[in-house]
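Below is one structure, written out as structure tokens; comments come after it.
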Amino acid sequence: MASQKRGLLRDPRINPSLIFGVVVIILMILVGIVGPMLLNEKLARVGAVEPNMPPSAQNVFGTDSQGRDVFTTLIMAIPPTLRVGVIAGVISVSLGLALGLIAGFFGGWADSLIRTFSDVLMAIPSLAFMILVVARMDRPNILVVAVIVGFLTWSGTARGIRSMVLSIRERSYTAVARANGETEVEVLFREVMPNLLPLMLASFIGAVTMGIYTVMALEVLGLGSNVIPTLGMMIFWSQRFSAVLRGMYWWWSPPIVVIALIFIGLFFLSFGLDRFINPAIPIKRGRSRIKLPTQPTAPDTAIDPRDAIMEVRNLRVVYETPAGLVKAVDDVSFSLRPGERMGLIGESGSGKTTMATAMMRLSRPPAYVAGGRVLLEGRDLFNIPDRELNKLRLKEIALMPQAAMNSLNPVVRVGPQFKDAIVAHLGRLPDNQLNEMVAQALTKVGLKPDVARNFPHQLSGGMKQRVVMAIATILNPKVIIADEPTSALDVVVQQQVMQTLGRLQKELAAAVILIGHDMGLITQFADTIGVLYAGKLVERGDVQTVLDNPLHPYSRLLIDSLPTLDGKHDLVGIPGLPPELLHLPNGCAFHPRCPFAMERCRTETPVLQTPLAGRQVSCHLYPEHTQLPPLTIGIDSSSAVIEVASSMGA
């Protein structure tokens, strides 16, 4: 139990905003509950003490003009004020949740009716309406007022719930739940409701704040109850008796301070809960970022640094997680020639996309660059001002992001998305010139100029990918980073997209870094190839040379896993699974899956070296060897598991 408490306290989601908000609200609740038990409530009645007395040992906060002890009145006023907010919040959120779920999930006539009624309700000025209602009461009752406030404020909650439900009900995991046999009601409560929790809490806190604010506004205007002391009525009476002009600060300031604390506590509580409940929100930490040490790396002898258009030196990117630092890119170095086509391949989670975004200086929390440099024609992209970097992006170095389906703004036509990119770099140009540039860019990728008038949802997956490609190349960049440009496309469209990318690359004479996990696709396109495993570059060389003579065991197994047209080649699956980046094995990260693993591999991390001209490899087999020892492939027929055995001893 004690360890669980310590683990909860160390949870990074326990942020300062949440702690501050919880402490303030709990303090107010405790004061409201315990305070009246410890004080003499008679001192809060009119004429109980001598009026207009300043603070003293007997009357800590002094007395007011009606002969009441200010401190006692203040403590007695906190519970009804909080009660008003809670009642309004419960009614508002309950109605808003129920009606929002019905409108968003089931739709139809109920949706139309609820939306129409909520639109009408939102058009009614709540405070003005409440003034008219309360002014008609003979004896204003704050509990009735709280109920009315709850009924007036549910529409905003319902609209928010409805919009989220409309989005969630069409997502893939709800379709899977239905396919698994869940009923609509089960989908609603098991799949939809957990996603609504942050909005429900935020709406509840907002409704509580609104309830307290509305009732206080009425009380300050003199429309409150004279029977039950509240913070708003304290302000009203201090105003009526000119406490400010008379210098009676001890009367008017305490209720204002308490109200401010309640509102501030509710704000920080809402802010902190949002980050506690929603794990997708990045958590910023106060401590300085850790710079990880680098290991000596063999220079890229295949390229003279003076001839390289881009150099990546000892790049390290980490993710800051509740469990610790995850080294997603670990000390990666390589160079890129002008016009070179370089492929980066590796299994999912090997750090390919993380490295691409880091090279563009686009890493977002919880990821950050922990070390290294990225040089573009000698300029360090990590050490130049943002304004200068923005000028280089797209014009000098461009990114074709992963999942082109989501890379285009769905509510903006294709043409303006081109024009925004052009104007950001070239300034405002005549419309006819902009239209001509957009038309030329679309034509280069095999699309008609009319596509510029379409919305993204009107395009097929292949057309969207070509649009993204056209935007990335419209300003003729010198380096293009293509992050899995053919993901989610069929084989025919993949071929068309890659042919288009190859043709554009030749026309622009640009260097291309093609990222993916399709070994066959990359080897057909690229001139050179880099193999990533667990965030490290384990092999680099010319494509044909690597195919003919892979130096790293991982590269060899990747190549052996490719099918052949004759169907006579035994497919070799790589044994085991990629390691967790948070818990990498000691020594070489690949050694648990490697058929050549030695004792040294289990304790010592290999460094990138150059055993052959133009080749780089990170493996303990070198420099003693010039190539991998032969492999024999055996298939266990009883378990249908492919076993890889080498001629070397483990």
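The values are calculated or read from the model by the stated rules, or taken from the named source; none is laboratory data. These figures come from a predicted structure and were not determined experimentally. Positions of Cβ are backbone-derived with ideal geometry, glycine not excepted, and every protein chain shown enters the neighbour counts. Side chains are part of the model used for accessible areas, which takes the heavy atoms of the whole protein and leaves out ligands, DNA and RNA. Shrake-Rupley method; radii C 1.70, N 1.55, O 1.52, S 1.80 Å.
Before moving on, here are some points about what is shown:
- Answer from L557, L551 - the residue that is over 25 Å from P449 (Cα atoms), surrounded by fewer than 21 Cβ atoms within 10 Å (Cβ to Cβ) and touching a strand residue (DSSP E or B) at 6+ places or on another chain (Cβ under 8 Å): L557
- Matching residues in segment 373-388 - criterion: being open to solvent by 30 Å² or more (accessible area, probe 1.4 Å), part of a strand (DSSP E or B) and closer than 23 Å to Y319 by Cβ: R373
- Some residue of segment 138-158 being part of a helix (DSSP H, G or I), of a type in the set (F, W, Y), out of contact with any His (no Cβ under 7 Å at 6 or more places or on another chain) and over 18 Å from L101 (Cα atoms): no
- The set of residues from segment 331-374 being of a type in the set (A, V, I, L, M) and within 25 Å of E580 (Cα to Cα) comprises V332, L344, I345, M355, A356, A358, M359, L362, A367, V369, A370.
- Positions within segment 38-59 being closer than 12 Å to W250 by Cα and either of a type in the set (D, E) or exposed (fewer than 14 other Cβ atoms within 10 Å of the Cβ) (or both), in sequence order: P54, S56
- Every residue from segment 187-222 that is part of a loop (DSSP other than H, G, I, E, B) and open to solvent by less than 40 Å² (accessible area, probe 1.4 Å): G222
- Of the residues making up segment 444-481, those that are open to solvent by 60 Å² or more (accessible area, probe 1.4 Å), over 32 Å from the mean Cα position of the chain (by Cα) and farther than 30 Å from E377 by Cα are K448, P449, D450.
- Any chance E484 is modelled with pLDDT of 90 or more, buried (at least 17 other Cβ atoms within 10 Å of the Cβ) and of a type in the set (D, E): no
- Filter pass, A441 being modelled with pLDDT of 90 or more and assigned to a helix (DSSP H, G or I): yes
- Look at segment 247-260: where a residue is surrounded by 15 or more Cβ atoms within 10 Å (Cβ to Cβ), no partner that is basic (K, R) and assigned to a helix (DSSP H, G or I) sits 6+ places away or on another chain with Cβ atoms under 7 Å.
- Filter result (open to solvent by 70 Å² or more (accessible area, probe 1.4 Å), under 24 Å from T209 (Cβ atoms) and without any contact (Cβ under 8 Å) to a residue 24 or more places away in the chain) within segment 118-151: V120, A123, P125, F129, L132
- Among residues of segment 201-259, those that are farther than 29 Å from I91 by Cβ, out of contact with any Phe, Trp or Tyr (no Cβ under 7 Å at 6 or more places or on another chain) and not hydrophobic (A, V, I, L, M, F, W, C), counted: 7
- Among (1) under 27 Å from Y554 (Cα atoms); (2) open to solvent by less than 10 Å² (accessible area, probe 1.4 Å), the one test that A398 misses: (1)
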